[in-house]
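The structure that follows is given in the form of structure tokens.
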Amino acid sequence: MARYTGPTTKISRRFGEQLFGPDKYLERRNYPPGQHGKLNRRKKLSVYGIQLNEKQKVKYTYGVLERQFRKTFDKATRKEGVTGEILLQLLEARLDNMVFRLGIAPTRRAARQLVSHKHILINGKVLNIPSYEVKVGDIISVRERSKSLLAITESVERGRAGQYSWLEWDVKLMSGKMINTPAREDIPEKINEQLIVELYSK
């Protein structure tokens, strides 16, 4: 199962955003990496460079590699509607992202690990595929024997699920579901999806 395993702070510093969750090192060094990062002497990016940067940012944010990202984009183009918005909706519907949004895990990376290690159920059945596309009405829950895991209980206590109008969360049962597909304005990440559409349209 392919995933990005390289440095995270370096990538976050490149984009100036906490792409992998809270990062104390990024707060201390909030400028690009490299010997000239602090001086900010960087060449002006071309239109292509700006579009490519946006695509890379989205890939790192959702933990998707190029091949899978391209497949997701192709799937978005085949659906009716605004391609960029549909692309983000498909990424949001990934099981690892849903586990993160529901507050079961503190980061998407941690959520991916919980799914891979079979701590998560979909409609009462164990599913260890992080890229699984959650459908509206699917029940996402924590496996009974995993409910006492410190990483899960600490994350659930933060109560992140209530932040999103398209999600429903039951604290007692440790289960939630997607009650509707999120609208673009409901997705909080700072992403210009139109740049990605323009990049792949060339």
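How many residues are surrounded by fewer than 17 Cβ atoms within 10 Å (Cβ to Cβ) and out of contact with any Phe, Trp or Tyr (no Cβ under 9 Å at 6 or more places or on another chain) when one looks only at the stretch 169-186? Before the answer, list the steps.
Let us first name the residues in the stretch 169-186 that are surrounded by fewer than 17 Cβ atoms within 10 Å (Cβ to Cβ), namely 170-173, 179-181, 183-186.
Among the residues that remain, those that are also out of contact with any Phe, Trp or Tyr (no Cβ under 9 Å at 6 or more places or on another chain) are: 170-173, 184-185.
Matching residues across the stretch 169-186 total 6.
Separate question: Any residue in the stretch 143-166 that is under 28 Å from LYS71 (Cβ atoms) and either over 16 Å from the mean Cα position of the chain (by Cα) or exposed (fewer than 13 other Cβ atoms within 10 Å of the Cβ) (or both)? First the steps, then the outcome.
The first filter runs over the stretch 143-166 and keeps only residues under 28 Å from LYS71 (Cβ atoms), leaving 164, 166.
Retained after the next criterion (residues that are either over 16 Å from the mean Cα position of the chain (by Cα) or exposed (fewer than 13 other Cβ atoms within 10 Å of the Cβ) (or both)): none.
Scanning the stretch 143-166 turns up no residue that is under 28 Å from LYS71 (Cβ atoms) and either over 16 Å from the mean Cα position of the chain (by Cα) or exposed (fewer than 13 other Cβ atoms within 10 Å of the Cβ) (or both).
Using the structure shown, decide if VAL142 is in contact with a helix residue (DSSP H, G or I) (Cβ under 7 Å, 6 or more places away or on another chain) and β-branched (Val, Ile, Thr). Show your work before the answer.
Working: in contact with a helix residue (DSSP H, G or I) (Cβ under 7 Å, 6 or more places away or on another chain): yes; β-branched (Val, Ile, Thr): yes.
In short, yes.
Can you confirm whether the stretch 99-108 contains a residue that is over 15 Å from GLN194 (Cβ atoms), outside the structural domain of VAL156 (by TED's automatic domain parsing), surrounded by fewer than 19 Cβ atoms within 10 Å (Cβ to Cβ) and not β-branched (Val, Ile, Thr)? Before you say what the answer is, go through the steps one by one.
Residues of the stretch 99-108 over 15 Å from GLN194 (Cβ atoms): 99-108.
Those left that are additionally outside the structural domain of VAL156 (by TED's automatic domain parsing): none.
No; the residues of the stretch 99-108 include none that is over 15 Å from GLN194 (Cβ atoms), outside the structural domain of VAL156 (by TED's automatic domain parsing), surrounded by fewer than 19 Cβ atoms within 10 Å (Cβ to Cβ) and not β-branched (Val, Ile, Thr).
Name every residue in the stretch 94-150 that is without any contact (Cβ under 8 Å) to a residue 40 or more places away in the chain and basic (Lys, Arg), in order of residue number.
LYS118, LYS125, ARG143, ARG145, LYS147
If ILE122 satisfies every condition in (1) modelled with pLDDT under 95; (2) of a type in the set (Val, Ile, Thr); (3) buried (at least 17 other Cβ atoms within 10 Å of the Cβ) but one, which is the exception?
Here ILE122 clears every test but (1).
Of the residues GLU133, GLU85, GLU185, which is in the same structural domain as LYS71 (by TED's automatic domain parsing) and within 18 Å of the chain's Cα centre (by Cα)? Even if it seems obvious, please write down each step before you answer.
Values: GLU133 fails: in the same structural domain as LYS71 (by TED's automatic domain parsing); GLU185 fails: in the same structural domain as LYS71 (by TED's automatic domain parsing).
Exactly one residue qualifies, and that residue is GLU85.
The values are calculated or read from the model by the stated rules, or taken from the named source; none is laboratory data. Only a predicted model underlies this, so the values are computations on that prediction, with no experimental measurement involved. Heads up, the Cβs are rebuilt from the backbone with ideal geometry, glycines too, and the neighbour counts pull from every protein chain shown.
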